[in-house]
Amino acid sequence: MEYIRKWVQALATLLSNSSWTFPVTRNIYQGPVKVLCSPGLNCYSCPAASLACPIGSIQQLLGNLRFGLEAGQYHLGLYVVGFMGVLGGFFGRMVCGWMCPFGLFQELLYKLPGRKWGVPRPLRFIKFAVLALMVFILPYAVADQFGAGEPWFCKYLCPAGTLEAGIPMLLLQPSLRQTIGWLFVNKMFWLVFFIGWSVVASRPFCRTTCPLGAFYALFARVKLVRLHWDASRCTDCRACHAVCPMGVEIDRAPEDTECITCLKCMNQACQYGAISLRIGGLELQAKQGRQRPNQSPAA
């Protein structure tokens, strides 16, 4: 299953970045399908991006909302929020584990040899503050003289944007190098910071900072596709703890908002069939596993 997940991640990355005319045009694609959003975090300004970033779209809508309302234009962007809500309600953070290009990038970095560290669990709450403040509040509340706001997360923090758009566009358009200032230096700092952290810790950006992951995490208790933990089959061996890339302890918190449904705990760790995949309460896949020690066949 992990092999299949890697192929799905690669395919999702390719489909989100399927415009390969940029070596000739030296610019970003702005065709008709760019109005559609990518499920994962994928920068709009990436030269190969064929889809928009949902987080960037929300900021853009909120940044222009005040100006639009004053002009009598009531464009509330319900499509973007609705699109994200449908994905969240059905998959939750499974999108992060299967369809996010920057999530795949972090996983590849973590495969590099070296000592590995955990991520302190309290840091998981930072991403909810980033979502609320940088994605929703500041783009609308802080406006310029014309009533327009800024995409705060994209402009000041997003490492995916720097990797996918900032650096490539400087290579494609050398004239842009004259505009490099403290803003680009700040974005490069965050990119280098998260790259280095991803080598020694599993998915640190996803776990601590990503606002898209925070949004999908809000649906943890209502999502249709989820992992189910069967306490009667669990031996408390904690093998599932060791393989989880998000630090989830499913036997301690079955509804953990960090779970990206990568299925490693079910397919690689649990030997007793205590973890299964369900859709809307119906069991889709379950590993039969061995019989629990001291458990009779009739139990």
Here region 12-21 yields Karplus 3J(HN,Hα) values (6.51, -1.76, 1.60; θ = phi - 60°; whole Hz; Gly and Pro given as x) of 4, 5, 5, 5, 6, 10, 9, 9, 10, 8
With a ≥ b ≥ c from the Cα gyration tensor eigenvalues, square-rooted, and the rule rounded for a/c under 1.5, otherwise prolate when a/b > b/c and oblate otherwise, region 229-283 is rounded
Under a 1.4 Å probe, counting only protein heavy atoms, Tyr29 has an accessible area in Å², nearest 10, of 60 Å²
Rounded to the nearest 10 Å², the 1.4 Å probe accessible area of Arg252 is 110 Å²
With the 8 Å Cα cutoff and a minimum separation of six or more residues, the chain has a relative contact order in percent of 20 percent
In the structure shown, of Lys34/Lys264; Lys34/Lys223; Lys6/Lys187; Lys127/Lys155; Lys111/Lys264, the pairs separated by more than 23 angstrom at the C-alpha atoms are Lys34/Lys264; Lys34/Lys223; Lys6/Lys187
Read-out Rg and Dmax of the Cα atoms in Å, candidates (i) 29.3, 92; (ii) 18.7, 56; (iii) 21.0, 75; calculated match is (iii)
Scalar couplings 3J(HN,Hα) for region 27-41 by Karplus 6.51 cos²θ - 1.76 cosθ + 1.60 (θ = phi - 60°), nearest whole Hz, x for Gly and Pro, are 8, 7, 6, 9, x, x, 7, 5, 6, 7, 9, 6, x, x, 7
Under the rule rounded for a/c under 1.5, else prolate if a/b exceeds b/c, else oblate, using alpha carbon gyration tensor axes a ≥ b ≥ c, region 74-167 is classed as prolate
Amide H contacts under 5 Å for Cys37, restricted to residues at least 5 apart in sequence or on another chain and with H modeled in the peptide plane, are Ala52
Given a Förster distance of 22 Å, the FRET efficiency implied by the Cβ-Cβ spacing of Lys6 and Leu123, rounded to the nearest 0.05, works out to 0.25
Once all protein chains are kept in place, His241 shows an accessible area at probe 1.4 Å, nearest 10 Å², of 40 Å²
Karplus-derived 3J(HN,Hα) from phi for region 86-98 (6.51 cos²θ - 1.76 cosθ + 1.60, θ = phi - 60°), whole Hz, x at Gly and Pro, runs 5, 4, x, x, 8, 9, x, 7, 4, 4, 5, x, 10
Nearest-0.05 FRET efficiency for Arg238 and Asn186 at R0 = 35 Å, using Cβ-Cβ distance, is 0.30
Relative contact order as a percentage, region 141-194, C-alpha pairs under 8 Å and 6+ apart, gives 43 percent
Taking Trp117, Trp152 and ranking on accessible area (1.4 Å, protein atoms only), highest first, one gets Trp117, Trp152
In nanometres, the difference between 0.36 nm per residue of separation and the alpha-carbon distance of Gln145 and Trp20 is 41.2 nm
Here the relative contact order (percent) of region 144-299, from C-alpha pairs under 8 Å and at least 6 apart, is 17 percent
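The values are calculated or read from the model by the stated rules, or taken from the named source; none is laboratory data. On a predicted model such as this, the values are computed, not experimentally measured, just so you know. Counting neighbours? That spans all protein chains shown, and the Cβs are built from the backbone with ideal geometry, glycine included. Each accessible area value is taken on the protein alone, full model and side chains, heavy atoms only, with ligands, DNA and RNA left out. Shrake-Rupley method; radii C 1.70, N 1.55, O 1.52, S 1.80 Å.
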